[in-house]
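Note sheet for the following structure.
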Amino acid sequence: MIRENVRKILDSIPEGVRLVAAAKTRTAREVLEAVDAGIRIIGENYIQEAVDVYNEVGKKAEWHFIGHLQKNKVKKAVKIFDIIETVDSYGLAMEIDKRCGQAGRVMPVLIEVNSGKEEQKYGVRPEEVISLARDISKLSNVRVTGLMTMGPLFGDPEDSRPYFVVTRKVFEELKSEALPDVEMKYLSMGMSNSYKVAIEEGSNLVRIGTLIFGERG
Ligand SMILES: *Cc1c(COP(=O)(O)O)cnc(C)c1O
């Protein structure tokens, strides 16, 4: 099933949109099946789970961190991930900068936008994104390469559209700021039930779990 699911999704997304297999709770075996079917990016939410899967899958795909990153997990994250999609504070960016400095590498990051301005959600409010990007642009081992948002979760994907529109608007604003060392390459929006709407609103990185692997247990 995983193979057919991956093929179907890859066939349905336009050229220029990249697919992240959101792999939380999935086994290395399931992830390998997805990679064999054409998945090129794996998204993980939890460091320990990521380590376990990474040990078996390795560099067969690109690794994106898509969960909430605690500072005490950054050192491990830097060993595995090619991109961290969920930077939402300068403190976290500084920790990534420090650990990447020690590891001799630069980490591309996306700023997570709390597009629904929800109290309990992670991410920075849309009006705070540019100032955070400006601060991060001064760190030499972290490079802002775009934005990510979850948005409030709805049954009807149309209800997500306004939050994608808001995030796209901030993306364009930040792009026109043309900050040094900020490269607005990725707009990461859309999950299994909302990715089509997200692509219509400018997403070029969709994070899909359920439609690839089935319902989580
Ligand atoms: C789980 C998860 C997804 C994928 O969700 P599905 O509804 O299973 O497609 C996407 N993004 C993030 C950040 C997630 O945690």
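Here's the yes/no breakdown for (1) within 13 Å of the ligand (Cβ to nearest atom); (2) within 18 Å of the chain's Cα centre (by Cα); (3) assigned to a strand (DSSP E or B); (4) on the phi > 0 side of the Ramachandran plot:
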position: Arg3; (1), (2), (3), (4): no, no, no, no
position: Lys8; (1), (2), (3), (4): no, no, no, no
position: Asp11; (1), (2), (3), (4): no, no, no, no
position: Gly16; (1), (2), (3), (4): no, yes, no, yes
position: Leu19; (1), (2), (3), (4): yes, yes, yes, no
position: Arg26; (1), (2), (3), (4): yes, yes, no, no
position: Arg29; (1), (2), (3), (4): no, no, no, no
position: Glu33; (1), (2), (3), (4): no, no, no, no
position: Ile42; (1), (2), (3), (4): yes, yes, yes, no
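Scanning region 191-217 for residues that are within 27 Å of Val142 (Cβ to Cβ), open to solvent by less than 30 Å² (accessible area, probe 1.4 Å) and either within 9 Å of the ligand (Cβ to nearest atom) or in contact (Cβ under 8 Å) with a residue 40 or more places away in the chain (or both) gives Ser203, Leu205, Val206, Arg207, Ile208, Gly209. Scanning region 76-83 for any residue that is assigned to a loop (DSSP other than H, G, I, E, B) and under 16 Å from Val170 (Cα atoms) turns up nothing.
What are the residues in region 55-75 that are farther than 25 Å from Ser89 by Cβ and in a helix (DSSP H, G or I), if any? Across region 55-75, the qualifying residues are Asn55, Glu56, Val57, Gly58, Lys59, Lys60. When Tyr46 is tested against (1) away from the ligand (no atom under 16 Å from the Cβ); (2) under 24 Å from Val124 (Cα atoms); (3) surrounded by fewer than 20 Cβ atoms within 10 Å (Cβ to Cβ), just one condition goes unmet, and that condition is (1).
Each row is one residue, and each column tells you yes or no for (1) over 20 Å from Ile13 (Cα atoms); (2) touching a Pro at 6+ places or on another chain (Cβ under 6 Å).
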{"residue": "Gly104", "(1), (2)": "yes, no"}
{"residue": "Gly151", "(1), (2)": "yes, no"}
{"residue": "Val166", "(1), (2)": "yes, yes"}
{"residue": "Pro180", "(1), (2)": "yes, no"}
{"residue": "Leu187", "(1), (2)": "no, no"}
{"residue": "Ser192", "(1), (2)": "no, no"}
{"residue": "Ala198", "(1), (2)": "no, no"}
{"residue": "Leu205", "(1), (2)": "no, no"}
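Residue selection: Gly209 fails the criterion of being at pLDDT below 95 and at negative phi. Taking the criterion of being touching a Lys or Arg at 6+ places or on another chain (Cβ under 7 Å) and within 16 Å of the ligand (Cβ to nearest atom), the residues of region 62-91 that qualify are Glu62, Ile66.
The values are calculated or read from the model by the stated rules, or taken from the named source; none is laboratory data. What you see is a predicted model, and the numbers here were worked out from it, not measured in a lab. Note that we place each Cβ from the backbone using ideal geometry, even for glycine, and neighbour counts take in every protein chain shown. Heavy atoms of the whole protein, side chains included, go into the accessibility calculation; ligands, DNA and RNA do not. Shrake-Rupley method; radii C 1.70, N 1.55, O 1.52, S 1.80 Å.
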